[in-house]
């Protein structure tokens, strides 16, 4: 495991003064992507469409003031759809408006918890969760989103009694057999654009945001099919179909009319507490993981203060839930687009929020003309990316145990809910480690010895195991060596080194290199990897096995 920093330089460190022009352009392009996604995510969450816009505006205007994260874009995320929709359904018990208001109360409380997390500097808690379980949770969310939104793409409403993810997936064949041809044409063309655009190699075409192309096709089709007025039409099968405004986005004429105050009466109920935990934990985890991922893509290798970023997200979530908005995170798709479009500082996030504010305030009628099938197609595409076959193949290549944890988490989330599902994934990971011989004493607390080689070089020897659940304590011991220029991590005495730790050590090597320091990992020669993947989990070979291998040689 080694890393050599690139010799190419992206140029001088950007400032607000020298980067605002790039940020203005990038903020505009991200706004074009964010607008339809915010509407679609809100509707899929059983919130009013404007709620998603509120969230992106708050994330763009508040977070840059508090957070030092330069390239992340804050806003509603597809990964939280499942939680928000579940909260509205369970808390409202058949009353969507009541469920919406009660969920806002949960959102305010969850935002306050995130503020406390940030003040208590608990951002490192994001590193506790095993990689396979996190990816399994995200893949399950992708399946749930796609399984629900495909019905909207086809123009077929789901029966009211069909609420569970597996039931919604089972309804897909029925929706195909009863699709509304005009609506399905809009949805189908939208999907074709979203899946086809990445296959086009032309650089100019690929720079155009796919959601924008979808709107440029879908909105004129909506006018052509006269979706503004309810009417019936006959298709080739001589069957009568109905279309009308219910297939378009519904927005209030005035943004202030859409402000909705939260209801806190369900906060202390069993259901309320369950969703409060999910809002706070899953939202925090997704936001921190996204911010870390974007840091790795930053050309200038700037590092986000995770505690400060979490504080910013908590403040913005508390504020936006107080007026009727969705929960937000650091959103990875829009953040990646920000980098690709030349964003340089957090002004890009601010500009994207201001563009959204101006658009909704000045031309809300244009948003009303967006067909719901187009928004549904964007979410189906988002769900597919979360649950892409590549994710399953990647998990299998890392090792069969990683794939087992990944697949178990996917099935558990689909069969239960997010909190129980990821809990089952973590439990399976613990069981595998115990089966592999990890002592109970090392599950949460790493057994380490630290030796000072000289004033600037330290060696830390790990005994028993280096696994996901003791990584936080291990990382804190590394961070305590503030004067170390060279740090040697010796894993020769560890019986097990899991994939999560291998991956995080690899990231640490890159972090140390960008700071002008060196991290060296050694002692893995007598460990057998569970697969050919360079970051696969490793198990130490017993002395008798080592002797046998040497004899064979």
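The values are calculated or read from the model by the stated rules, or taken from the named source; none is laboratory data. This is a predicted model, so every value here is computed, not measured. Cβ sites come from the backbone with ideal geometry, for glycine too, and all protein chains shown count toward neighbours.
Computed quantities for the displayed model
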read-out	value
Filter pass, residue 222 being out of contact with any strand residue (DSSP E or B) (no Cβ under 9 Å at 6 or more places or on another chain) and assigned to a helix (DSSP H, G or I)	no
Sole residue being crowded, with 24+ Cβ neighbours inside 10 Å and touching a strand residue (DSSP E or B) at 6+ places or on another chain (Cβ under 7 Å), chosen from 87, 56	56
Residues (surrounded by 15 or more Cβ atoms within 10 Å (Cβ to Cβ) and out of contact with any strand residue (DSSP E or B) (no Cβ under 7 Å at 6 or more places or on another chain)) located in segment 175-187	175, 179, 184, 185, 187
Count - residues of segment 230-255 that are more than 28 Å from the chain's Cα centre (by Cα) and assigned to a loop (DSSP other than H, G, I, E, B)	10
Single unsatisfied condition, residue 303 versus (1) more than 25 Å from residue 141 (Cα to Cα); (2) modelled with pLDDT of 90 or more; (3) in a loop (DSSP other than H, G, I, E, B)	(2)
Checking residue 188 against (1) within 21 Å of residue 42 (Cα to Cα); (2) at pLDDT 95 or above, the condition it does not meet	(1)
Hits in segment 357-415 - residues which are part of a loop (DSSP other than H, G, I, E, B), in contact with a helix residue (DSSP H, G or I) (Cβ under 8 Å, 6 or more places away or on another chain) and over 14 Å from residue 147 (Cα atoms)	369, 370, 399
Residue 455 vs. criteria surrounded by fewer than 23 Cβ atoms within 10 Å (Cβ to Cβ), touching a residue at least 24 places away in the same chain (Cβ under 8 Å) and touching a helix residue (DSSP H, G or I) at 6+ places or on another chain (Cβ under 7 Å)	no
Qualifying positions in segment 150-167 - in a helix (DSSP H, G or I) and touching a residue at least 24 places away in the same chain (Cβ under 8 Å)	150, 151, 152, 153, 154, 165, 166
Residue 313 vs. criteria over 30 Å from residue 219 (Cβ atoms), touching a residue at least 60 places away in the same chain (Cβ under 8 Å) and not assigned by TED's automatic domain parsing to the domain that holds residue 515	yes
Selected residue (only one of 509, 503 is within 20 Å of residue 443 (Cβ to Cβ) and either assigned to a helix (DSSP H, G or I) or within 29 Å of the chain's Cα centre (by Cα) (or both))	503
Residue pairs meeting the criteria (Cβ under 6 Å; at least 6 apart or on separate chains; first outside the structural domain of residue 27 (by TED's automatic domain parsing), in segment 191-213; second surrounded by 15 or more Cβ atoms within 10 Å (Cβ to Cβ))	191/377; 193/213; 193/214; 194/210; 194/381; 197/210
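Listed here are the residues, each with its yes/no results for (1) farther than 21 Å from residue 102 by Cα; (2) outside any helix (DSSP H, G or I); (3) free of Cβ contacts under 8 Å to residues at least 40 places away in the same chain; (4) not assigned by TED's automatic domain parsing to the domain that holds residue 328.
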site	(1), (2), (3), (4)
257	no, no, yes, no
261	no, yes, no, no
264	no, yes, no, no
271	no, no, no, no
282	no, no, no, no
